[in-house]
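The values are calculated or read from the model by the stated rules, or taken from the named source; none is laboratory data. Given the structure is predicted, the values throughout are model-derived calculations rather than measurements. Cβ coordinates were reconstructed from backbone atoms using ideal geometry, including for glycine residues, and neighbour counts include every protein chain displayed.
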Amino acid sequence: MRYLAVRLGSRERASDLASEVFLEAYRRVPLLRWRGRPVLAWLYRVAANMAADELRRSAREAPLPDAEPAVEERDQAEDLAEREALAKALRALPSDYQLVVHLRLVEGYPFSEVARMTGRSVGACQMQLLRAGRLLRTSLEGEGIRAPA
């Protein structure tokens, strides 16, 4: 399957084709003649041939690219840019702010647990999260990304 995933560029397509490869191999077993080579080599050959067929078929069916990227592609590019800007802004936060943001928003711990883990009071953790949010908003707005209200 890994071989097909590399050839096809998609694990989903590889999984679908792998099942077809084994089905085709099963159908051809009665026609198989022993030539002194491992059966695995024969399976790889069947997989390679079917992958080549699939690539040719998908190349014929692929739509011609538009001069302007599709709306979905632009949205994906914008999402990627926003995620990269957010990651950069998070890395720029002081380390204690990063820890509170991670524990509260990523791990989902309540403030009481965050306070226990960091050795601060609940109020101090809440204030750090509030300040981190303000710093992130300022940083993202500086990048031209409008943070949600």
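Observations
- Wholly within the stretch 28-126, helices (runs of 4 or more DSSP H) carrying at least 3 residues that are charged (D, E, K, R), in contact with an Asp or Glu (Cβ under 8 Å, 6 or more places away or on another chain) and at pLDDT below 80: none
- The set of residues from the stretch 111-125 being surrounded by 14 or more Cβ atoms within 10 Å (Cβ to Cβ) and among the polar types (S, T, N, Q) comprises just one member, T118.
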